[in-house]
1. Tally the DSSP beta bridges in the chain and give the antiparallel ones as a percent, rounded to 5.
2. Considering only 160, 120, 42, give the residue with the highest GNM mean-square fluctuation for the chain, with springs between Cα atoms whenever their separation is below 10 Å.
3. What percent do you get for the relative contact order of the chain when only Cα pairs under 8 Å and 6+ apart count?
4. Using 0.36 nm per residue, how much length does the chain from residue 160 to residue 101 gain when fully extended, once their Cα-Cα distance is taken away?
5. What is the calculated FRET efficiency for residue 167 to residue 64, with r their C-beta to C-beta distance and R₀ = 25 Å, to the nearest 0.05?
6. Angle, helix 167-178 long axis vs. longest principal axis of the chain, Cα atoms, 0 to 90°, nearest 10?
7. In deg cm²/dmol, rounded to 500, what helix-only [θ] at 222 nm does the chain give when every DSSP H run of at least 4 residues adds -39500 (n - 2.57) and the total is split over its residues?
8. Using the Kirkwood radius over C-alpha pairs as Rh, can you work out the diffusion coefficient of the range 10-178 via Stokes-Einstein at 37 °C, viscosity 0.692 mPa s, in µm² per second?
């Protein structure tokens, strides 16, 4: 059965202690002020040259149109877990078919300001951005950035970016990729 996407899509939710709770529709979860904890996943794609694959969001999307980002990700739909969501998001947004075993968790936790319960993953992948497939329309472009190049671009024009990667996150990712 296909899962509905959009305001009526059911998302995995959690109680205040982080335990699974009854799923809610997206429009309820995102109703302000935010009160419903819900699951998301983010995926950083790195290559063997220690570069980050940054993606450019389509100007047609409602969230952060036309902005660059250092990771992709999305909400956990009802009936899915974090790793299934990560695999689905890479497939939908970039046309990549990556096995679960290629994902490494490097952060997990919760953010009170967004009511997100999250798992962040790294995928090591050497490929050309021209091989990506943006058929779902959320992304319009992608390119590899050195961490320094990304930092310079973000400092020069922060309004062109919608998420960030800290030095601490980048160092943690590199350490994890060594093992």
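Laboratory data are not the source of any read-out in this text; all were calculated from the coordinates shown. This one's a predicted model, so the numbers in the text were calculated from it and none came from an experiment. Here Cβ is always computed from backbone atoms with ideal geometry, including for glycine, and neighbour counts include all displayed protein chains.
1. The antiparallel proportion sits near 75 percent.
2. Its mean-square fluctuation being the largest, the pick is 160.
3. After rounding, I find 24 percent.
4. Full-extension gain reported as 17.9 nm.
5. The computed FRET efficiency comes out at 0.65.
6. Around 80 degrees separate the two axes.
7. -6500 deg cm²/dmol
8. Translational diffusion coefficient: 198 µm²/s.
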